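Each remark here refers to the structure printed beneath this line.
Values in this text are rule-based calculations from the coordinates and carry no lab data. On a predicted model such as this, the values are computed, not experimentally measured, just so you know. Note: ideal-geometry Cβ built from the backbone for every residue, glycine included; neighbour counts use all protein chains shown.
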Amino acid sequence: MSGATARTPAHALDIERIRADFPILNQDINSHPLVFLDNAASSQKPRSVIDAISSYYQRDHANVHRGVHTLSQRATDAYEAARSKLAGFLGATSDKEVVFTRGTTEAINLVAYSFVEPRVGKGDEILITTMEHHSNIVPWQLLCERTGAVLKVAPINDDGEIKLDEMFAMIGPRTKFVSVVHLSNALGTINPVRRIADAAHAAGAFVLVDGAQSAPRMRINVAALGADFFALSGHKTYAPTGIGVLWGKAELFDEMRPYQGGGEMILSVTFEKTVFNEVPAKFEAGTPHIAGAIGFGAAVDYIESIGIDAIEAHEHDLLLYAADRLPEIAGLRIIGCAREKAGVHSFVLDGIHPHDVGTILDNEGVAIRTGHHCAQPVMQRFGIAATVRASFGLYNTRAEVDRLVAGLGKVREIFG
Ligand code: C6P
């Protein structure tokens, strides 16, 4: 990793104890102990999360906010306790700033529809960057089609960093909204979201930060980030699939229109008029993913029991170690050499298709992701179709990086 900034030295995590918390890790794949390096796609779940979901279904399940009976009360209490845990995890000032969604994707679509769409007209501008995930591109394209607004895209340099001067020059009186990824899933770049938010606010624009990859890896304090909205996914944060969070400033949530209509998001309904419920219920139409939220709360407890700073330092150590070892493989080129980087190494091997690399590594028991990582404009920017991506989680070890490098050595042997 060229010019990577050294951070806090790794606190010695008790990795063997941590690994024992994740039952799925204890298995062989193709006769080799599993090495799971696909955490950016979805991370594995500790037993405490699995147990929280199982215990909820075995003892406490009922619908939330709808019953006076004991089980409904228990389910409601557990669901709302999870919201409080997420609020604490993100540094929110109130539980009302935490809306449960299906994930980052739904959170961004919610903001596009409920907050941005009523505020933009023909010729207004939405600003994103070249390194966005499709979830932070397509909702804005759809919005532009509906409203006549224009999508602007800030460029990135050869190291995979936003060209900030150019981005700031693109922020003007027509800029109504800026949506930017905190930690790129395709490049590993950590973006200076505070500076971007300040520049956007100075021009009167609002800001969303896509925290899908940063939330599992870095301490998040939404006030310090300076954003108006922050989106994250449970399944990348050691919690179940199908649950995520949209954090937003309470005063903005209050004035936003609902995203979907249905049960629970209303105070009263007649055929003439519906009065909407208060935030966050206004944005949680229908029966929510109760078990998912409870699992997300348990994941936050788990992360906090280890310490997010220790997790960040541990993953950073793995990232640097891998950056040292990967170049041992002939013809390997890392895509994304930002000074501030976390979690992810994307790379290509001269003359070998990433899918072939992925298949051979799987034969060796090493799980990585290959493809465009739902960030095709990043691939276009670097003139490639796909990369191999190794992404780290709190349970990975240097020995697993060695297994990755050994597997890549086999790939080289086979392809020459
Ligand atoms: N990236 C990856 O392998 P959902 O699917 O809603 O949980 O998250 C979407 C999303 C949004 N932003 C970023 C930066 C992301 O990385 C992702 C999901 C996975 O990189 C699956 S494509």
Q: Can you pull the one-decimal nm distance between simple spin-label points at Arg333 and Asp77, each 7 Å off the Cα toward Cβ?
A: 6.0 nm
Q. So between Glu278 and Arg194, what do we pick up on full extension, going 0.36 nm a residue minus the alpha carbon distance?
A. 27.3 nm
Q) With the dipole of the chain worked out from charges on the C-beta (+1 for Lys and Arg, -1 for Asp and Glu) around the Cα centre, which of Ala199, Ile329, Ser184 lies farthest toward the positive end? A) Ala199
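Which FRET efficiency, nearest 0.05, do Leu267 and His201 yield, Cβ-Cβ r, R0 41 Å?
For Leu267 and His201, the calculated efficiency is 0.80.
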Q. Where nothing but the Cβ of Lys and Arg (+1) and of Asp and Glu (-1) is charged, how large is the charge dipole of the chain around its Cα centre, in debye to the nearest 20?
A. 400 debye
**Q.** Lys/Arg +1, Asp/Glu -1 at C-beta; the chain dipole; positive extreme among Ile414, Gly67, Gly343
**A.** Gly67
**Q.** Radius, Kirkwood style, for the chain when every pair of distinct Cα atoms is counted (Å)
**A.** 22.2 Å
Q.
If you wrap a convex hull around the alpha carbons of the stretch 2-141, what volume per residue comes out, as a whole number of Å³?
A. 239 Å³
Q. At a Förster radius of 45 Å, what calculated FRET efficiency corresponds to the Cβ-Cβ distance of Arg19 and Arg146, to the nearest 0.05?
A. 0.40
Q. To the nearest 10 degrees, how steep is helix 138-147 against the longest Cα principal axis of the chain, on a 0 to 90 scale?
A. 40 degrees
**Q.** Footprinting exposure proxy for Ser214, Ser48, Ser114 (fewest neighbouring C-beta atoms within 10 Å first)
**A.** Ser48, Ser114, Ser214
(Q) Please rank Lys236, Lys282, Lys273, Lys410, fewest neighbouring Cβ atoms within 10 Å first, as an exposure proxy. (A) Lys273, Lys410, Lys282, Lys236
Q: Measure off 7 Å from each Cα along the Cα-to-Cβ vector at Arg119 and Glu304, then give the distance between these two points in nanometres to one decimal.
A: 3.0 nm
Q. At what distance in angstrom do the alpha carbon centres of the stretch 8-51 and the stretch 268-315 lie from each other?
A. 24 Å
(Q) For Cα pairs less than 8 Å apart in space and 6+ apart in sequence, what is the mean separation divided by the residue count of the stretch 49-304, i.e. the relative contact order in percent? (A) 25 percent
Q.
Using Cβ counts within 10 Å as a stand-in for footprinting exposure, how do Trp247, Trp140 rank, fewest first?
A. Trp140, Trp247
**Q.** Helix-only mean residue ellipticity at 222 nm for the chain, each DSSP H run of n ≥ 4 adding -39500 (n - 2.57), per residue, nearest 500
**A.** -10500 deg cm²/dmol
(Q) Between the stretch 123-159 and the stretch 213-255, what is the separation of their alpha carbon centroids in Å? (A) 20 Å
Q. Each label point is 7 Å from the Cα along the Cα-to-Cβ direction; what then is the distance between the points at Asn30 and Asp51, in nm?
A. 3.5 nm
Q.
What do you get for the angle between helix 308-325 and the principal long axis of the chain? Use alpha-carbon atoms, 0 to 90 degrees, nearest ten.
A. 30 degrees
Q) Helix 290-306 versus the longest principal axis of the chain: what angle, 0 to 90°, nearest 10, using Cα atoms? A) 50 degrees
Q.
How many angstrom lie between the Cα centre of the stretch 327-404 and the Cα centre of the stretch 68-106?
A. 35 Å
